[in-house]
Amino acid sequence: PSHWTWVELGDVGAIVGGGTPKSTEAKFWADGDDIPWLTPADMSAFKDRLIQRGRRDITSEGLAGSSTSLVPSGTVLFSSRAPIGHVGIAANQLCTNQGFKSCVPYNSEMSEFIYYYLMKAGPEVNENATGTTFKEVSGKQVAAIPFPLPPLGEMVRIISKLDELLALCDRLEQSQTAAMKLQESYSLAEAMVN
């Protein structure tokens, strides 16, 4: 629409990379609940929008002794390698490994809109990525992703409608799965009778 503006992702949020503390330094890694630390592998089976933690935590020494950054809740997490395009929103403060180029929105109300847009843009970003061992995109490339910027009120209405439609899709998928299971049971029972 004419009242929208095309900007770059880096215009609406700070692009933040992650890092990994040395695995040989036991003091960098926590056995229990400490600082949540994510990898793209943690997000591979993740289906929700909000994510709290991955499989491992790091200590404050691990945070200080590596290039990872503590990002605030509302940060849009975007995996930038191995694979490219997993997207989530930090439910709390957390850190990521170097396989992320995450967006900390300048306006916290934009997190969900950025999330939905990166879900759509991820495959194209992956398609245009380069690399010899595995594909990767840099923070500079992520910051340069074209981003459609509507007025804030319209953005909020779009997010609300997307949430409504996606919830409907989930209910339809659950109904379809239940119907398929019922059909399979019916077919099995019919085969046993004959």
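The values are calculated or read from the model by the stated rules, or taken from the named source; none is laboratory data. Bear in mind the structure is a predicted one, so any value in this text is a computation, not a measurement. No Cβ is skipped: glycine too gets one built from the backbone with ideal geometry, and neighbour counts run over all protein chains shown. The protein model used for the area step is the full one, side chains on, heavy atoms only, and it has no ligands, DNA or RNA in it. Shrake-Rupley method; radii C 1.70, N 1.55, O 1.52, S 1.80 Å.
Which of the residues that make up the range 97-111 are open to solvent by 40 Å² or more (accessible area, probe 1.4 Å) and either under 23 Å from T39 (Cβ atoms) or without any contact (Cβ under 8 Å) to a residue 24 or more places away in the chain (or both)?
Quick first cut of the range 97-111, residues open to solvent by 40 Å² or more (accessible area, probe 1.4 Å) only: 98, 106-109.
Once the filter is applied, which keeps residues that are open to solvent by 40 Å² or more (accessible area, probe 1.4 Å) and either under 23 Å from T39 (Cβ atoms) or without any contact (Cβ under 8 Å) to a residue 24 or more places away in the chain (or both), the range 97-111 yields only Q98.
Looking only at strands (runs of 3 or more DSSP E) that lie completely in the range 1-54, which have at least 1 residues being within 22 Å of L162 (Cα to Cα)?
Working: elements: 5-8, 13-17, 35-38.
Passing ranges, in order: 5-8, 13-17.
Tell me, please, whether a residue that is open to solvent by 70 Å² or more (accessible area, probe 1.4 Å) and modelled with pLDDT under 85 can be found in the range 122-139.
Keep residues of the range 122-139 that are open to solvent by 70 Å² or more (accessible area, probe 1.4 Å), which gives 123-124, 127-128, 130, 132-135.
After this cut, where a residue has to be modelled with pLDDT under 85 as well, the list is 132-133.
Yes, because at least one residue in the range 122-139 is open to solvent by 70 Å² or more (accessible area, probe 1.4 Å) and modelled with pLDDT under 85.
On the basis of being closer than 24 Å to D48 by Cα, surrounded by 15 or more Cβ atoms within 10 Å (Cβ to Cβ) and touching a residue at least 24 places away in the same chain (Cβ under 8 Å), does P72 make the cut?
Numbers: closer than 24 Å to D48 by Cα: yes; surrounded by 15 or more Cβ atoms within 10 Å (Cβ to Cβ): no; touching a residue at least 24 places away in the same chain (Cβ under 8 Å): yes.
Here the answer is no, as P72 does not meet what is asked.
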